[in-house]
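Engineer: First, the structure itself, so that you have it in front of you.
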Amino acid sequence: MTRTRTFFLVLAALLVAARLCHTGILWEGDSYPLAAAGQMLHGKALYRGIWFDKPPIEALFSLLPDARAGWPLRLADALYAWLACCVCYAFARDLWSRREGLWAAALAGFFLIFDFPAAVIPAASDMLMLAPHVAAVWLAWKRRPFWSGVLVGVAFWISPKALFVAAACALWNPAGIPWMASGFAAVGGAGALGLWSFGALGAYWEQVWVWGRLYAASSPEASPLANALARTAGWVGFHAALAIAALFFLWRERGKERWVWIGWAAISFAGVAAGMRFFPRYYLELLPVIVLMAARGFTGLGRQRAPVALVALLLLIPLVRFAPTYVEALTRADWRDTAMDRDSRAVAVLVRRIARPSDTLFVWGYRPEIYVYTRLPAATRYLDSQPLTGVPADRHLTESTPVETVMSQARREELAHTQPAFIVDGLGPYNPRLALTSFADLRPWLAGYREVGRTGGSVIYRAASLSGPAGRPLP
């Protein structure tokens, strides 16, 4: 047991060290929930006072580091990743033995470090669903269906993709489906009742489900199938050690359980494929089942030293590819992956130079990190321009075709009745067709503002009543 404790302490230290390398960066998965949490600290209610198109737990988690960037955020991210590794260990240990449990935790930790930083560093929805995903299936296997359903309910308030987790739990314990449904209903009903009591249930439905359906139904890819094949082949290549060990496990496994494992993998891949985008972070839904199968596969290969050494060598692929990103995060001021984050920091510095404590902010584009860096309250309930343009953020840097128009126009009318002290257009310099100045119905509103600063990717406006007739240019 001493060795096991040492193993988990080392694993925790590695996860913390990896994430602390990103203390000075906010990734896309960080910024939106942090901005929402920051507005909650300013006294606004989620959904009712803040447009937030994700379930609430992501924003609530971001309250832990006081909705701020920095080391407390990264420490919370690391501890959550460690928790997910611990749950993988417990499930594999109960399924087989302590040895498989250690393999499962080690493999999960390895791939929660050596993968695309934007996918594994932030505790965004796909990452946050890891622990309840594994725990729910574990409890279904242990024939504790009610509590399995409870954890599926928790996952559901993290991501709608929890419905795929529910299907996997039902596969492991078909007889327990009624109890799972009751556990899920208990948590789902409690959450819905809480939203209703705050007058936010209707807004939650509009933002998470109506807007979410529009987003999911419109892939930005010209050839979704080709994109799916290319990205899945890339993921399998980076995770070749897991894939080979998992296939070895399936080849050796006999009886009905082999088909349960295959079914869980298929259901998880369906979760990855939902929306046909195949972003790297989506594959986190597939990671638990592959890690567990690979853990068992590695112990089987362990009796044959040459094969296990060969498969272990494949771990060098993600190690060589992603280890340098931690050095770049610490040392490179021109790292392309963080260019927009650096621009947002520059915007925040300029705004804070002349902002008063009572000033408010509105950001056009998908740049919610600017709210985090400035710590200014939002003047509107919109933290980005997606619901105002109808163009989702996965394409609005290059395209301008909206997925809906009527409601977005009505929301712009609502925006025109607000009076933020500062407006930052963080989209126009990238895509002039979606610049704030290109919307005729917002020009009379924008006429009350003067440009006071500019960065490489943003234009800063200040209310004319605050900056004087000719504006007050920033340095």
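Values quoted throughout were computed directly from the atomic coordinates according to the rules given, and no laboratory measurement underlies them. Predicted model only: the values in this text are computed from it and were never measured. Neighbour counts run over all protein chains shown; Cβ positions are idealised from the backbone, glycine included.
Engineer: Can you give me the angle between helix 406-415 and the longest principal axis of the chain, using Cα atoms only, in degrees from 0 to 90, rounded to the nearest 10?
Structural biologist: With both axes taken from Cα atoms, the answer is about 60 degrees.
Engineer: Moving on to the next point. With +1 on the Cβ of every Lys and Arg and -1 on the Cβ of every Asp and Glu, and nothing else charged, how large is the dipole of the chain about its Cα centre, in debye rounded to the nearest 20?
Structural biologist: It works out to roughly 1080 debye.
Engineer: Separate question: Cut-off is 10 Å between beta-carbons; in what order do ARG353, ARG19, ARG231 appear when sorted fewest neighbours first?
Structural biologist: Working: ARG353 10, ARG19 28, ARG231 18.
So the residues, fewest neighbours to most, are ARG353, ARG231, ARG19.
Engineer: Something else now. Arranged by the count of other C-beta atoms within 10 angstrom, fewest first, what order do PHE7, PHE298, PHE278 take? Could the numbers behind the result be given before it?
Structural biologist: Details: PHE7 16, PHE298 26, PHE278 21.
With the fewest neighbours first, PHE7, PHE298, PHE278 line up as PHE7, PHE278, PHE298.
Engineer: Sort THR331, THR418 so the one with the fewest other Cβ atoms within 10 Å of its own Cβ comes first. All intermediate terms of the calculation are to be shown ahead of the outcome.
Structural biologist: Numbers: THR331 9, THR418 15.
By the 10 Å Cβ count, ascending: THR331, THR418.
Engineer: Full-extension gain between LEU316 and VAL236, please, as 0.36 nm times their residue separation minus the C-alpha to C-alpha distance.
Structural biologist: Taking 0.36 nm per residue and subtracting the Cα distance, the gain is 27.4 nm.
Engineer: Quick one: Debye curve from the C-alpha atoms of the chain, no solvent, what's log10 I(q)/I(0) at q = 0.06, 0.07, 0.10 Å⁻¹?
Structural biologist: -0.29, -0.39, -0.78
Engineer: Expressed in nm², what is the orientationally averaged projection area of the convex hull enclosing the Cα positions of region 1-74? Mind dumping the intermediate values first?
Structural biologist: Working: hull surface 23.8 nm².
The orientation-averaged projected area of the Cα hull of region 1-74 comes to 6.0 nm².
Engineer: Under 1.5 on a/c is rounded, so check that first for region 142-239, then, if it is not, pick prolate when a/b is larger than b/c and oblate when it is not; a ≥ b ≥ c are the square roots of the alpha carbon gyration tensor eigenvalues. Before the final figure, lay out each step's value.
Structural biologist: Numbers: a/c = 3.14, a/b = 1.27, b/c = 2.47.
Verdict is oblate for region 142-239.
Engineer: Lys and Arg at +1, Asp and Glu at -1: add these up for the other residues within a Cβ distance under 13 Å of ARG3 and post the number. Let's see the in-between values first.
Structural biologist: Numbers: positive: ARG5, ARG98, ARG99; negative: none.
So the surrounding residues net to +3.
Engineer: LEU330 to VAL210: extension gain in nm, 0.36 nm per residue of separation minus the Cα-Cα distance?
Structural biologist: Separation in residues times 0.36 nm, less the Cα-Cα distance, equals 39.2 nm.
Engineer: Let me ask another. Which value results when the Cα radius of gyration for region 338-467 is divided by 2.2 N^0.38 Å?
Structural biologist: 0.97
Engineer: Zone of HIS42 (label point 7 Å along Cα→Cβ, backbone N under 13 Å): which residues in region 390-431?
Structural biologist: 419-424
Engineer: For region 59-127, state which trypsin sites (Lys or Arg not before Pro) are in a DSSP loop and have at most 16 other beta carbons lying within 10 Å of their beta carbon.
Structural biologist: Working: sites: ARG68, ARG74, ARG93, ARG98, ARG99; in loops: ARG68.
Those satisfying the criteria are ARG68.
Engineer: Based on DSSP H runs of at least 4 residues, each adding -39500 (n - 2.57), what is the mean residue ellipticity at 222 nm of the chain after dividing by all its residues, to the nearest 500 deg cm²/dmol?
Structural biologist: Details: 25 runs with 281 residues, N = 475.
Result for the chain: -18000 deg cm²/dmol, rounded to the nearest 500.
Engineer: Right, something else. Give me P(r) over region 315-371, computed from all C-alpha to C-alpha distances, binned every 10 Å, as integer percentages.
Structural biologist: Result, from short to long distances: 19, 36, 25, 15, 5, 1 percent.
Engineer: 7 Å from Cα along Cα→Cβ at both TRP251 and THR6: what's the point-to-point distance in nm?
Structural biologist: For the pair TRP251/THR6, the computed spacing is 3.4 nm.
Engineer: Moving on. Measuring from label point to label point, each 7 Å out along Cα→Cβ, what is the ARG352 to THR405 span in nm?
Structural biologist: 4.2 nm
Engineer: Count of lysine pairs in the chain with Cα atoms under 24 Å apart, counting only pairs 8 or more residues apart in sequence or on different chains?
Structural biologist: Working: LYS44/LYS54; LYS54/LYS161; LYS142/LYS161; LYS142/LYS256.
The result is 4.
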